[in-house]
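Asks: Sharing a structure below in structure tokens format, with a few things to ask.
Throughout, read-outs are computed from the coordinates displayed, never taken from laboratory work. Owing to the predicted nature of the structure, the values given are computational and were not obtained by experimental measurement. In this analysis, Cβ positions are derived from the backbone assuming ideal geometry, glycine residues included, and neighbour counts consider all displayed protein chains.
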Amino acid sequence: MIQIVKPGINIDFLGKKRLAFLFSTILILLSICSIVIKGGLNYGIDFAGGTMVQIWFKQGVTPDEVRKGLKEIGLEGSTIQQFGKKKDNEYLIRAESKQSNIEGVSDKIQEVFREIYGEDGIDVRRVEMVGPQVGKELRKKGLLAIIYAMVGILLYITWRFEFRFALGALAALFHDITITIGVFSITNKEFNLAMLAAVLTIVGYSLNDTIVVYDRIRENLKKMLKKKLEPIVNTSINETLSRTILTSGTTLFVVVALFILGGGVIHDFAFALIVGIIIGTYSSIFIASPMLILWEEKFPSTKRKRL
Amino acid sequence: MSNNLGWRATLIGIITLIALVYLAPSIIDQLPGWWPKKEIKLGLDLQGGTHLLLTVETEKAVENAVERKISDLKDSLRKERIRYTKLERVNATEILADFPSSKHMDKFREFIKSEFHNLEELSVKEDEGRFSVKLELSNQEIASIERFAVDQGLETIRNRIDQFGVSEPIIQKQGEKNILVQLPGIKDIKRAKNLIGKTALLEFKLVDDKHSIEDALNGNVPIGDQVLYQRAVDKLTERTIRRPFLLKKKTLMTGDVITNARVQIDSQFNTPYVTLEFDRRGKRLFDRITAANVNKRLAIVLDNNVYSAPEIQERISGGRAQITGTFTIEDAHDLAIVLRAGSLPAPVTYSEERTVGPSLGRDSIHNGIVSIIIGGIAVIFFIVSYYRLSGIVTNISLILNIVYITGVLAAFQATLTLPGIAGIVLTIGMAVDANILILERIREELSFGKTPRSAIDSGYSRAFKTIIDANLTTLIAALVLFQFGTGPIKGFAVTLSIGIAASLFTAIFVTRFIYDLILTKKRVKVLSI
């Protein structure tokens with residue numbers, strides 16, 4: 001029998017909870033600082049509005065040449081970004097939204113390069129145009145979706161477990177979302193609808209992880225009536241440790257495969273998932289569970305004498 | 001537990017069979033005719049195509065309705081012999097009317113009350129011999145005009161797209177004012193956008209030859225006139241020129257009387273033009289207009305662009321007209337389509353466009369599938385080497401899981417998008433997790449010295465609660481996303497929800513069945529786990 005974690009293992013996770021809290025606080029502060037300093041997230045056009053055109057050129061083209069082409073239609077201020085590898089000759093051109101004439105922008109960009117490089121000299125791979133109004137709405141809806149989902153989860157966990165468990169789970173969720181978004185801000189990656197989907201996936205994953213540990217704590221609370229909360233929580237984390245490592249490991253495997261082989265469109269999505277899975281696994285051990293103990297110290301549970 | 005193996009086997013068999021039946025058309029090309037042909041549709045991001053969100057400018061429709069009300073009012077007031085000094089639209093929904101005396105004003109107010117129920121009196125003012133009434137379109141009427149503008153716009157756009165010829169387009173209302181159009185696999189997007197977004201309001205107006213166009217261009221536009229332009233291409237310089245026309249504002253006839261529009265080719269110059277046929281009302285109207293205006297020029301105006309302004313040589317009673325201009329065959333063809341499909345009751349603007357070229361879609365599918373297969377094989381391999389025979393049981397359940405998910409997607413003819421694939425990957429991760437939870441639990445129970453059977457029993461019953469809680473919380477998140485999310489997020493939520501259901505069934509029910517089957521058939525002393 002292969003075993004990653006030997007049975008009967010007892011690592012003192014909770015002994016390191018101060019260190020973990022410190023570490024997490026630093027990460028969260030870094031994330032928030034980065035977002036504040038950069039004046040908010042680097043919203044993709046989904047949320048900011050604007051036009052994005054992805055063009056493949058048959059011949060090698062430098063970013064300057066692309067900009068020169070754009071200058072002819074007065075869009076030299078656009079962001080030009082290489083897509084994929086250099087030899088792919090693919091560029092992302094992103095023009096900011098100007099309330100007035102956003103409608104024809106994508107057509108103009110395509111036309112100007114067709115004129116310069118010929119009908120077969122380019123291939124328009126992707127066009128995205130989002131009006132500023134729609135962008136605002138999508139932003140609002142996305143935020144609402146996350147808030148509603150969290151409220152729903154809070155209610156469910158309160159019903160199935162106890163309120164303090166729900167608080168711990170939400171603290172872990174907040175932790176994971178903030179840090180993942182922070183990593184996006186620090187690495188200057190664009191935050192778009194696909195990223196929102198990634199954040200939501202992380203919410204699901206991190207919760208799943210937290211609940212598995214919580215479930216064991218709930219079970220052990222009933223079994224080990226004489227023990228204090230802290231050792232029970234620690235035992236529970238240890239008992240579920242092999243599962244935690246196995247699950248995170250296999251999921252990471254698939255996501256890393258997506259990251260390496262999935263192609264440009266999926267690349268950032270997979271990146272977000274990798275960050276989220278690592279943070280989510282860490283948070284269920286070092287945030288969600290210790291939170292229960294912090295809560296117990298502040299508000300001792302009345303049902304059973306513990307401390 | 002072994003006593004009900006029979007019905008469990010039947011249930012799993014039936015579900016698997018149904019899933020395979022639905023899945024087959026998506027994989028195999030040639031199937032007998034009686035086979036239910038429901039396929040998984042690929043989203044635009046995977047097969048290429050364009051997604052457009054149009055916003056209907058409903059305020060414009062309301063404005064137009066108020067203008068029409070005013071002209072109706074003017075006609076009625078003339079008949080009723082009610083005199084007014086002023087009758088005009090002040091803003092989108094309000095009308096201001098001035099009267100020379102209180103007698104006329106009172107008659108007017110009476111008349112509005114009895115004949116124009118949709119107009120509500122806002123205020124009545126009398127000072128220094130000025131008597132004025134302000135009217136407003138009722139909220140009910142505004143709401144109904146707005147609704148009509150969107151519904152009618154949707155119908156018209158559907159007509160145009162049908163005639164343009166796109167396979168399996170999606171055209172639906174989104175929210176109150178938006179129309180969603182999805183055109184899979186379309187190549188000439190610019191042309192499609194032009195065709196869909198054109199208001200296509202065709203108007204016949206007289207050219208004002210009495211006043212000079214130069215004066216009008218200098219700012220002295222005669223009352224009741226307007227300047228509109230004709231766009232033409234100069235044959236020598238190939239530059240677009242704009243030729244101004246001084247037209248009477250009054251519209252004599254609009255395109256709603258058109259029954260048919262066709263492209264024809266002028267044999268002399270080999271240029272295309274569009275012929276129009278009118279219905280009975282249109283024929284009568286056209287007959288009257290041409291009879292009354294012989295030797296005058298009649299301009300054909302489409303969306304405020306003058307197309308042509310031929311001189312009326314004689315009275316035309318056949319009910320036909322033609323639009324000439326400098327256009328390509330394609331332009332003429334599209335013009336005929338919009339004229340046949342009718343005009344949009346209000347202008348539309350594009351507020352969202354997402355186009356994926358067919359090549360990118362292909363790459364995305366290819367890369368996505370390759371990476372999932374590689375990741376999947378690695379996981380399957382790992383599980384077997386870690387859990388041995390029990391790992392095989394897990395892998396059977398994982399493969400069934402994928403069959404079920406894709407089967408359900410096919411049965412509902414769901415659309416598979418990139419975020420949808422992400423949802424599947426996540427649920428497979430959760431299915432693996434559920435299996436790992438159970439197996440780790442069984443190992444734990446075995447380490448307490450239990451027999452395989454009792455270890456499996458308690459392993460399942462202990463892990464069951466955990467799995468249910470973990471999956472239900474995720475399901476809650478998925479359902480919320482489905483409810484509040486848009487487009488791609490919805491796709492993610494759909495596959496996630498289906499996946500959770502499938503993985504609960506396979507991880508808990510199917511694997512348990514296999515263990516029970518093995519345990520009844522064989523006396524297992526040591527579990528290979």
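Asks: Picking from A:208, A:42, A:89, which is most flexible by a Gaussian network model of chain A using Cα springs under 10 Å?
Replies: A:89
Asks: Further question on the same structure: Distance from the Cα centre of the range A:1-31 to that of the range B:397-414, in angstrom?
Replies: Going from one Cα centre to the other spans 38 Å.
Asks: Apply the membrane-span-like helix rule to chain A: whole DSSP H runs, Cα extent along the own long axis of at least 20 Å, mean Kyte-Doolittle hydropathy at least 0.5. List the helices found. Write down the numbers at each step before the final one.
Replies: Working: long enough: A:17-37 (29 Å, 2.10); A:132-160 (42 Å, 0.56); A:163-186 (34 Å, 1.57); A:193-223 (45 Å, 0.55); A:241-261 (30 Å, 1.84); A:264-283 (29 Å, 1.66).
What comes out of the filter, once short or polar helices are dropped, is A:17-37, A:132-160, A:163-186, A:193-223, A:241-261, A:264-283.
Asks: Right, another one. Determine the calculated [θ] at 222 nm for chain A from helices alone, applying -39500 (n - 2.57) to every DSSP H run no shorter than 4 residues and normalising by the residue count; nearest 500 deg cm²/dmol.
Replies: On the way: 11 runs with 193 residues, N = 307.
Result for chain A, helices only: -21000 deg cm²/dmol.
Asks: Further, regarding this structure: Divide by every residue of chain B the summed helix terms, -39500 (n - 2.57) for each DSSP H run of at least 4, and state the resulting mean residue ellipticity at 222 nm, rounded to the nearest 500 deg cm²/dmol.
Replies: Values: 14 runs with 276 residues, N = 529.
Using -39500 (n - 2.57) per qualifying helix, the result is -18000 deg cm²/dmol.
Asks: Explain nothing, just the number: dipole magnitude of the protein assembly as shown about its Cα centre with +1 on each Lys and Arg Cβ and -1 on each Asp and Glu Cβ, in debye rounded to the nearest 20.
Replies: On the way: 105 positive and 88 negative charges, 648 e Å.
The dipole of the protein assembly as shown has a size of about 3120 debye.
Asks: Once you average over the residues of B:429-441, how many Cβ atoms of partner chains fall within 10 Å of each Cβ?
Replies: On the way: counts 14, 5, 0, 6, 11, 2, 3, 9, 6, 1, 3, 11, 4.
Other-chain Cβ atoms within 10 Å of each residue's Cβ, averaged: 6.
Asks: Can you work out the FRET efficiency for the pair residue A:219 and residue A:29, with r the C-beta to C-beta distance and R0 = 35 Å, to the nearest 0.05? Present the calculation step by step, with values, prior to reporting the outcome.
Replies: Details: r = 36 Å, r/R0 = 1.02.
With a Förster radius of 35 Å, E is 0.45.
Asks: Let me ask something additional. Using Cα atoms only, what is the angle between the long axis of helix B:329-341 and the major principal axis of chain B, expressed in degrees (0 to 90) to the nearest 10?
Replies: That helix lies at roughly 90 degrees to the long axis.
Asks: Residue by residue, what Karplus-based ³J(HN,Hα) values in Hz, rounded to whole numbers, does the range B:489-504 have, using 6.51, -1.76 and 1.60 with θ = phi - 60° and x for Gly and Pro?
Replies: Couplings: 5, 4, x, 4, 5, 5, 5, 5, 5, 4, x, 5, 4, 5, 6, 4 Hz.
Asks: Run the paramagnetic zone check for residue B:280: 7 angstrom along Cα to Cβ, then residues of the range B:247-264 with backbone nitrogen under 17 Å.
Replies: B:257-260
Asks: Continuing with this model, one more query. Using DSSP loop states and a limit of at most 12 other Cβ atoms within 10 Å to flag GluC sites (Glu not before Pro), what is the longest stretch of chain B containing no flagged site?
Replies: Values: sites that count: B:128, B:176, B:238, B:314.
Segment B:315-529 is the longest.
Asks: Any idea how far apart residue B:330 and residue B:240 come out in nm if each label point goes 7 Å out from Cα toward Cβ?
Replies: Roughly 1.5 nm, to one decimal.
Asks: Cα centroid distance between the range A:118-132 and the range B:36-114, in Å?
Replies: A separation of 38 Å, based on Cα centres.
Asks: Could you work out how far apart the two model spin labels at residue B:28 and residue B:128 are, taking each label as a point 7 Å from the Cα in the direction of the beta carbon, and quote it in nm?
Replies: About 9.1 nm separates the two model spin labels.
Asks: Same structure again: How far, in nm, would the chain grow between residue B:233 and residue B:170 when pulled straight, counting 0.36 nm per residue and subtracting the alpha carbon separation? Working shown, then result.
Replies: Details: separation 63, 0.36 × 63 = 22.68 nm, distance 3.61 nm.
Answer, rounded to one decimal: 19.1 nm.
Asks: Ignore the peptide's own chain and count Cβ atoms of other chains within 10 Å of each Cβ in B:414-425; give me the average, rounded.
Replies: Working: counts 0, 0, 0, 0, 7, 9, 1, 3, 12, 4, 0, 8.
Mean partner shielding for this stretch: 4.
Asks: Now a separate question. Along the charge dipole of the range B:114-272, Cβ charges K/R +1 and D/E -1, which of B:153, B:244, B:233 sits furthest on the positive end?
Replies: Farthest towards the positive end: B:233.
Asks: What distance in nm lies between label points placed 7 Å from Cα along the C-beta direction at residue B:295 and residue B:374?
Replies: The modelled label-to-label distance comes out at 8.4 nm.
Asks: Kindly identify the range B:201-322 as rounded, prolate or oblate by the Cα gyration tensor criterion: order the square roots of the eigenvalues as a ≥ b ≥ c, call it rounded if a/c is under 1.5, otherwise compare a/b with b/c, prolate if a/b is larger, else oblate.
Replies: Values: a/c = 1.94, a/b = 1.16, b/c = 1.67.
The shape class here is oblate.
Asks: Need the C-alpha centroid separation for the range B:135-198 versus the range B:457-529, integer Å.
Replies: 42
Asks: By its C-alpha gyration tensor, with a ≥ b ≥ c as the square roots of the eigenvalues, how is chain B shaped: rounded for a/c under 1.5, else prolate for a/b larger than b/c, else oblate? Write out the running numbers ahead of the final one.
Replies: Values: a/c = 3.84, a/b = 2.35, b/c = 1.64.
Prolate is the answer for chain B, as a/c is 1.5 or above and a/b outweighs b/c.
Asks: Round to the nearest 0.05 the FRET efficiency obtained for residue B:17 and residue B:523 when R0 = 35 Å and r is the Cβ-Cβ distance. Write out the running numbers ahead of the final one.
Replies: Working: r = 32 Å, r/R0 = 0.90.
Between residue B:17 and residue B:523 the formula returns 0.65.
Asks: While we're here: Grab the other residues whose beta carbon is less than 12 angstrom from that of residue B:58, score K and R as +1, D and E as -1, and report the net. Show your work: numbers first, answer last.
Replies: Numbers: positive: B:60, B:147, B:177; negative: B:57, B:59, B:63, B:146, B:151, B:176.
Net of charged neighbours comes to -3.
Asks: For chain B, what does the relative contact order come out to in percent, with C-alpha contacts under 8 Å and a separation of six or more? Don't skip to the end; give the middle numbers.
Replies: Working: 856 pairs, mean separation 99.5, N = 529.
With pairs under 8 Å counted, the relative contact order is 19 percent.
Asks: Can you order the peptides A:285-292, A:64-71 by their average number of other Cβ atoms within 10 Å per residue, highest first?
Replies: A:285-292, A:64-71
Asks: Right, another one. I want to make sure I understand the PRE zone here: with the label point 7 angstrom from the Cα of residue B:86 toward its beta carbon, which residues in the range B:33-72 have backbone N atoms less than 19 Å away?
Replies: Answer for this model: B:67, B:70-71.
Asks: How far, in nm, would the chain grow between residue B:314 and residue B:254 when pulled straight, counting 0.36 nm per residue and subtracting the alpha carbon separation?
Replies: On the way: separation 60, 0.36 × 60 = 21.60 nm, distance 2.05 nm.
Extending this stretch completely gives an extra 19.5 nm.
Asks: Separate question: Among bridges DSSP assigns within chain A, what percent are antiparallel (round to 5)?
Replies: 95
Asks: How many Cβ atoms of partner chains, on average, are near each residue of B:375-385 if near means within 10 Å of its Cβ? Can you show the working numbers first?
Replies: Working: counts 12, 3, 1, 5, 6, 1, 0, 4, 2, 0, 1.
For this peptide, the per-residue mean of nearby foreign Cβ atoms is 3.
Asks: Follow-up question, since we're still on this one. Kindly state, to the nearest 0.05, the FRET efficiency for residue B:39 paired with residue B:270, given R0 = 51 Å and r defined as their beta-carbon distance.
Replies: Details: r = 45 Å, r/R0 = 0.89.
Efficiency for this residue pair is about 0.65.
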